[in-house]
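Report on the structure given below.
The values are calculated or read from the model by the stated rules, or taken from the named source; none is laboratory data. For clarity, every value in this text was computed on a predicted model and none was experimentally measured. Note that we place each Cβ from the backbone using ideal geometry, even for glycine, and neighbour counts take in every protein chain shown.
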Amino acid sequence: MNANTSKPLLLLAFLALATPGGAADSLEFQPGEVWLDTSGKAINAHGGGMLFHAGTYYWYGENKEGRTWLPESTKAWEGSRVDVTGVRCYSSQDLLRWKDEGLVLRAVPDDPAHDLHPSKVCERPKVVFNARTKKFVMWMHIDSEDYKAARAGVAVADSPTGPFRYVESVRPEGQYSRDQTLFQDDDGKAYRIYSSENNKTTYISLLTDDYLKHSGKFARVFEGRHMEAQVVFKHAGKYWFIASGCTGWAPNTARSAVADSIWGPWTELGNPCRGPEAEITFRGQSTFVFPVAGRKDTFIFMADRWNKTNLADSRHLWLPLQFKDGRPVVEWREKWNLSFFAH
C-alpha cells in the first residue's frame, strides 16, 4: 500500500482447494474463493511473489493477521492496516496443494525503531536466488505507519524457507520507494521495479551482483503515470509490464506495456483483462506473473482482491495469462486448471 495513493485492486483468482490433499487433477483454481493449504487453513500470502527452485515452487507474501484498523495518519486516503507480523512462505510441486512453511521473516516487536516493528509497514515481498552467492534474497517495501518513510528493505537466507536475516532499508537512488517487484533476467542480473516520486514515476534499478544493494544504474519510466503493483516478466525475447493505477483501495483498470530492453522505451498496450469486471481488474490488483516450469508459453497472473475492512480476508486471484495479437491477455475464469493451456 502506498502513501496518499494506497492500493487499488488489480487482478486475479483465488485458488480454492475443495478437497485439500486430493489428486491434483481433481483440483482447480477458483478465483475469489478461499484457498486452503494442506493443513486446511486459508493461505495467507498477500502482495506476494513466486520463486521456483530445485523443482519446488515457493510462494512468499505478507502475513495478514489480527484486527484491521485505520490510523489517524492515513484516514485521508483510507489507509487501513494490520500490524506487521512478517512474511509467510508456502511450498508446492503442483501449484495447487501448498504446504505452510511458516513465517520466514518475522516482525521485531521488542524494538519500536526497527523496520519490522509491528507498527511499521512491510509489503510486497519478492525473493530471488543468487546462483553466485547461493543465497536467497528478499526485497520488500518498508514504511512508517504514515507512509512517509518510503524505503526498500532487504533480507537474506541460506534456504528458501528461511529464516531470512533482515539487513537494512534504503532510499534507492535517493528517492521514495513504495510498491515494488523483482525481476531476474536470463543472464542472472536482477532488477527492482518500484513506485517512486510519490508514485508518479516507476523506477527500474539494477541490483549489485550479490542482489543486496542498488548498483546506481537505473531508469525512470512511465513518468507522470501514477502506477503501483508493478509486474515485470519476459516472453519471446521481450519484456512485459503490468501495473495498476493509484486509486486507494478501490480497484481500477489494469495497464500493460512492452519493451525490447528492460530499460525501455516502453510502449503501453492498454488493459490486459477480458471478461466481467475487466475494467476494474476483476476487483483485484496485480502482484506477480510467473512461467510454469516445463510448459512452454504458460504463465500465471497472480493478484490480490483486497478487503479494506478485514485485510486478513483478502483473497488471492490467479488466472491464466496468454498472448494474443502481440499483447498479454488475462481472461476471467470461474474455475480452471493447467489443462487450460493444452487448448
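The residues of region 258-289 that are surrounded by 23 or more Cβ atoms within 10 Å (Cβ to Cβ) and of a type in the set (G, A, S), listed by number, are G284, S286. Does A13 fit the bill of being over 14 Å from D94 (Cα atoms), exposed (fewer than 14 other Cβ atoms within 10 Å of the Cβ) and either modelled with pLDDT under 95 or not acidic (D, E) (or both)? In short, no. Within region 290-313, if we keep just the residues that are among the small types (G, A, S) and surrounded by fewer than 24 Cβ atoms within 10 Å (Cβ to Cβ), the residue that is modelled with the lowest pLDDT turns out to be G294.
Among the candidates A150, A157, single out the residue that is touching a residue at least 60 places away in the same chain (Cβ under 8 Å) and either surrounded by 15 or more Cβ atoms within 10 Å (Cβ to Cβ) or within 17 Å of Y60 (Cβ to Cβ) (or both).
A150
Quick one: in region 117-139, of everything that is touching a residue at least 40 places away in the same chain (Cβ under 8 Å) and under 21 Å from W77 (Cβ atoms), which residue is farthest from the chain's Cα centre (by Cα)? Of everything passing the filter in region 117-139, V121 is farthest from the chain's Cα centre (by Cα). In region 171-189, what count of residues is obtained for those that are within 16 Å of the chain's Cα centre (by Cα) and touching a residue at least 40 places away in the same chain (Cβ under 8 Å)? Count: 7. Within region 190-212, the set of residues being in contact (Cβ under 8 Å) with a residue 40 or more places away in the chain, under 22 Å from K135 (Cα atoms) and either in a loop (DSSP other than H, G, I, E, B) or in contact with a helix residue (DSSP H, G or I) (Cβ under 9 Å, 6 or more places away or on another chain) (or both) comprises R192, D209, D210, Y211, L212.
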